[in-house]
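> Structure in structure tokens, see below.
Just so you know, all these numbers are worked out from the coordinates, no wet-lab data involved. The shown structure was predicted, so the numbers you read here are calculated from the model rather than taken from an experiment. Heads up, the Cβs are rebuilt from the backbone with ideal geometry, glycines too, and the neighbour counts pull from every protein chain shown.
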Amino acid sequence: MKSVLTFLAALAFVGVVLFAIGGKGPMPLVCERRLGPTEVRVRTTPVEYKTDFTLPTSRLTEMAATGSGRLVHGLTRTNMRSLVTVGSSGITNPLTHRHCLRPIVDVQLAFEPMTVFITADQAQGSCQFDVTMKHELQHVEVYREFLDTAARDVEKYLRDHFANRIYYYDSPEDAQRQMSDETSKRIGPFVEDEMNRVREMQAPLDTPDEYLRLERSCFRPSIPPSP
């Protein structure tokens with residue numbers, strides 16, 4: 001009865017689309033007039049899981065690595081993944097090579113792959129098996145509910161951070177380098193911190209009282225025969 005997860009992140013900067021400045025006017029005025037608005041899109045991948053009922057309790061206990069000495073009969077294992085892509089359509093001054101842009105940010109959040117393990121020591125269809133499976137599916141549901149919350153939080157953070165301001169750089173190459181740094185230093189860590197909150201949400205399912213309740217769920221005291 002445990003949830004184990006790791007975090008995997010990917011950051012990318014897509015090629016800048018260049019438009020040479022045409023007509024007259026100072027660069028800030030041209031950029032303000034011609035650049036499109038900042039775009040932020042945060043999407044989630046639906047949570048899906050597979051099952052594995054082949055491993056013994058000893059192996060699941062080893063995989064969970066709780067260090068408490070408690071036997072683990074069920075385990076939900078997954079990876080937290082985020083893919084952040086920052087692109088833009090920008091404007092370059094053909095004389096000075098100065099470049100302006102508003103970013104286009106796409107974020108994909110997911111928990112994948114996800115596997116629910118139930119010990120092979122509990123027969124499928126038994127009371128113990130059903131209780132353990134129901135508990136592990138509660139972990140799955142926490143992941144599912146969390147993604148919706150995380151998507152809203154990440155989108156708000158990015159919209160507040162980038163707003164609709166214009167970024168200016170010495171060249172298109174400088175724009176790509178600095179926007180990649182911006183992504184790495186600000187967006188990536190925030191997404192990781194946001195995703196890691198799910199551990200706190202899983203904690204109420206892994207308390208000693210909850211484990212005791214699960215262990216007693218299938219206990220049926222014997223009733224002495226009537227005299």
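> Viscosity 1.002 mPa s, temperature 20 °C: give me the Stokes-Einstein translational D for region 163-211 in µm²/s, with Rh taken as the Kirkwood radius over C-alpha pairs.
Taking Rh from Cα pairs, D becomes 153 µm²/s.
> Could you tell me the extents of region 73-227's C-alpha atoms along the three principal axes, largest first, rounded to whole Å?
Here the Cα extents, ordered largest to smallest, are 104, 26, 18 Å.
> Let me ask you something else. Once you list every other residue whose beta carbon is under 12 Å from the beta carbon of N164, what net charge do they have if Lys and Arg are +1 and Asp and Glu are -1?
0
> When you have a sec, figure out the Kirkwood radius of region 91-131 from all distinct Cα pair distances and drop it here in Å to one decimal?
In region 91-131 this quantity evaluates to 16.1 Å.
> Another question, then. For region 43-87, report the % of Cα-Cα distances exceeding 17 Å.
That tail contains 51 percent of the Cα-Cα pairs.
> Also: Between V42 and residues 5 or more places away or on another chain, which pairs have amide H atoms under 5 Å apart, with H built 1.01 Å from N, and which residues are they?
Hits under the 5 Å cutoff: V107.
> Could you tell me the extents of region 66-143's C-alpha atoms along the three principal axes, largest first, rounded to whole Å?
Sorted from largest, the Cα extents of region 66-143 read 76, 27, 17 Å.
> Follow-up question, since we're still on this one. Where Rh denotes the Kirkwood radius from the mean inverse Cα pair distance, what is Rg over Rh for region 118-167?
Ratio of gyration radius to Kirkwood radius for region 118-167: 1.44.
> Please report, largest first and rounded to whole Å, the three semi-axes of the ellipsoid equivalent to region 21-130, where each semi-axis is the square root of five times an eigenvalue of the C-alpha gyration tensor.
57, 13, 9
> Taking every pair of distinct Cα atoms and averaging 1/r, then inverting, what Kirkwood hydrodynamic radius in Å comes out for region 136-227?
17.7
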